[in-house]
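Working notes for the structure below.
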Amino acid sequence: MTHTTKTPVQQLCDTLHLTAQEVQTLKVDGNSPFPLKISNDFFAQIQPKQPNDPLLKQILPLQIEHQVAKGFSQDPVSDLTFNPTPSLIHKYHGRVLLIASPKCDIHCRYCFRRHFPYSEQSNTRHWQKALAYIQQDKSIHEVILSGGDPMSLTEKSLVSLIQKIEAIPHVKTLRIHSRTPVISPSTAPANTFLEWATQTRLNKVLVVHCNHANELSHQTETLFLRYKVAGFHLLNQSVLLKGVNDQVEALETLSHALFKQGVLPYYLNQLDRVQGAAHFEVTDDTAIKLHTQLRERLPGYLLPKLVQDLQQATYKSPLISSSI
Ligand SMILES: *Cc1c(COP(=O)(O)O)cnc(C)c1O
């Protein structure tokens, strides 16, 4: 036997007590250009000895990601054609999306920005220009912080950025799109950030990203409550993922689990067709059927909107049956 250093992917499989046979069947990729990255809290929610664990599936690099799939591209939502100044995307009426940080504590295999040129697009030196753009366009009443993950910034940077946004009078709402509260509840911003939140004039919305009820814990519940008390509206968006949450029971359980923790389901996104994620795709027909079944089981306020991000649409387009 030759001695080789184990890759982080192999180490993860070992820690989860997956057998050599299971690892071989999974066809893991130890050298992915979009490498394994996982937070401690998220890791703690993965069940050992389960090669098909729905959380493991979201983060484990597989060789199948190298297969080139037709219709899957590097920039599936055309972010870069609505890019008036670096780090800012102005595609939807009344709101802009600011790529506040290139970093994220986790690499979700289906991430639609896995090929995004972060080094060019996201840099604090771009903030001044982005803020100037927002300042000169009075139609912008909502600023959405996205990434990467905006909550991967230090609290000091995050608060400094949102104070600058707050200083623009026509901005009424600050929205944060972040997976940090779900995947890193023990380290998510909750100090200076919440001090700011309790006294700002802005409306505050926090859209978290959770795909499966197993991602939620007592820690997420405690953190969500703190955000709620500070005045945030809490919403969740999920991505429909084959093998993770493409069962009506899983989606139903997720909605109830979110509600129990004070979060309302917002969007259930059909997968963005980014290169490397084709094996997660659920067909539109299946997605629509699942959503109809979900509608039959849930009160209206727990039913997420099933949407897709079409390249030219200036809104998230509802996915509806074509066979009317
Ligand atoms: C998704 C998205 C938004 C926000 O859309 P809502 O329907 O308001 O949640 C804004 N800008 C861009 C570019 C988006 O992709």
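For Val229 and Thr173, the difference between the fully extended length at 0.36 nm per residue and the C-alpha to C-alpha distance is 18.4 nm.
Site pair Phe34 and Asn52 shows an inter-label distance of 2.4 nm when each label is modelled 7 Å from Cα along Cα→Cβ. Cβ-Cβ distance of Asp284 and Ser139, R₀ of 56 Å, FRET efficiency by 1/(1 + (r/R0)^6): the value works out to about 0.95. Each label point was placed 7 Å from the Cα along the Cα-to-Cβ direction; for Gln247 and His66 their separation is 3.2 nm.
Just to be sure I understand: of the beta bridges DSSP finds with both ends in the chain, what percent are antiparallel, rounded to 5?
Working: 7 of 37 bridges.
Percentage antiparallel, nearest 5: 20.
In the complete set of protein chains, residue-level accessible area for Phe72 is approximately 20 Å², probe 1.4 angstrom. Dipole orientation for segment 22-142: of the candidates Ala132, Pro61, Gln45, Ala132 has the Cα lying most toward the positive pole (charges on Cβ; Lys, Arg +1; Asp, Glu -1).
Within the shell defined by Cβ-Cβ distances under 13 Å, the residues around His291 carry a net charge of -1, with Lys and Arg each +1 and Asp and Glu each -1. Rolling a 1.4 Å probe over the protein heavy atoms gives segment 8-66 an accessible area of 54 Å² per residue.
For the chain, count the residues as N, evaluate 2.2 N^0.38 Å, and divide the Cα radius of gyration by that value, please.
1.00
Excluding ligands, DNA and RNA, the accessible surface per residue across segment 276-324 is 60 Å² with a 1.4 Å probe.
If you roll a 1.4 angstrom probe over the protein chains with everything in place, what fraction of the accessible area of the chain belongs to carbon and sulfur, to the nearest %? The computed percentage sits at 53.
Could you size up the charge dipole of the chain around its Cα centre, putting +1 on the beta carbon of Lys and Arg and -1 on that of Asp and Glu, and report it in debye to the nearest 20? Working shown, then result.
Values: 32 positive and 27 negative charges, 146 e Å.
In debye, rounded to 20, the chain gives about 700.
What does the accessible area per residue of segment 108-194 come to in Å², with a 1.4 Å probe and no ligands, DNA or RNA counted?
Values: 3440 Å² over 87 residues.
That works out to 39 Å² per residue.
Could you please report the charge total around Leu258, scoring K, R as +1 and D, E as -1 over all other residues with beta-carbon less than 13 angstrom from its beta-carbon? Please report the intermediate quantities before stating the final value.
Working: positive: Lys228, Lys260; negative: Glu215, Glu221, Glu252.
Computed value for this residue: -1.
For Lys305, the lysines whose Cα falls under 25 Å of its own Cα, not counting residues fewer than eight places away in the same chain, are Lys57, Lys91, Lys172, Lys204, Lys228, Lys242, Lys260, Lys289, Lys316.
If R0 is taken as 30 Å, the Cβ-Cβ distance between Gln293 and Thr314 corresponds to a FRET efficiency of 0.50. In loop segments of segment 140-229 as defined by DSSP, the trypsin sites (Lys or Arg not before Pro) with at most 15 further C-beta atoms inside 10 Å of their C-beta are Lys172, Arg201. In degrees, nearest 10, range 0 to 90: what is the angle between the Cα axis of helix 284-297 and the longest Cα principal axis of the chain? That works out to roughly 80 degrees. Count charges around Gln308 for me, please; just the other residues with Cβ under 14 Å from its Cβ, Lys/Arg as +1, Asp/Glu as -1. The answer is -2.
The values are calculated or read from the model by the stated rules, or taken from the named source; none is laboratory data. Small disclaimer: the values here were computed from a predicted structure and weren't measured. Cβ atoms come from the backbone with ideal geometry, glycine included; neighbour counts cover every protein chain shown. Please note that ligands, DNA and RNA were not included when accessible areas were found on the heavy atoms of the full protein model with its side chains. Shrake-Rupley method; radii C 1.70, N 1.55, O 1.52, S 1.80 Å.
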